[in-house]
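Participant: This is the structure I want to talk about, given as structure tokens.
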């Protein structure tokens, strides 16, 4: 299997496999996840915490907890055009084109005020 990893924005570990060469099996995915858990335990890092949402504020990765997103939006900490790391992507093409995107172009759009049309 052709696979690799990279560290991005001094925060993210991105693991990828070329599935045109060989499809990633459940066993290989489980092995990679297990290795990341073991490394995280040694470094005291939880790589799999989905409650932290990463925004790019200036040149810094800034985390907001999922439960605080609405309050942070209301306080002006982020908005429609704030860049966010959209970790829902699953392909190299999406990583290259859509990983860092304005919040309004991601799943975070549901938190933004929606325009209402007059009746």
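Participant: Restricting to the stretch 79-95, give me the number of residues that are at pLDDT 95 or above, in contact with a strand residue (DSSP E or B) (Cβ under 6 Å, 6 or more places away or on another chain) and outside any strand (DSSP E or B).
Facilitator: Qualifying residue count for the region: 2.
Participant: Next question. Any residue in the stretch 87-100 that is more than 23 Å from residue 17 (Cβ to Cβ) and touching a helix residue (DSSP H, G or I) at 6+ places or on another chain (Cβ under 9 Å)?
Facilitator: no
Participant: Please determine whether any residue of the stretch 69-78 is closer than 20 Å to residue 9 by Cβ, in a helix (DSSP H, G or I) and touching a residue at least 12 places away in the same chain (Cβ under 8 Å).
Facilitator: There is at least one residue in the stretch 69-78 that is closer than 20 Å to residue 9 by Cβ, in a helix (DSSP H, G or I) and touching a residue at least 12 places away in the same chain (Cβ under 8 Å).
Participant: Continuing with the same structure: Name every residue in the stretch 96-108 that is touching a residue at least 24 places away in the same chain (Cβ under 8 Å) and part of a helix (DSSP H, G or I), in order of residue number.
Facilitator: Within the stretch 96-108, 103, 104, 108 meet the criteria.
The values are calculated or read from the model by the stated rules, or taken from the named source; none is laboratory data. All values reported here derive from a predicted model rather than from experimental measurement. Because the Cβ atoms are built from the backbone with ideal geometry, glycine has one as well, and the counts that use them run over all protein chains shown.
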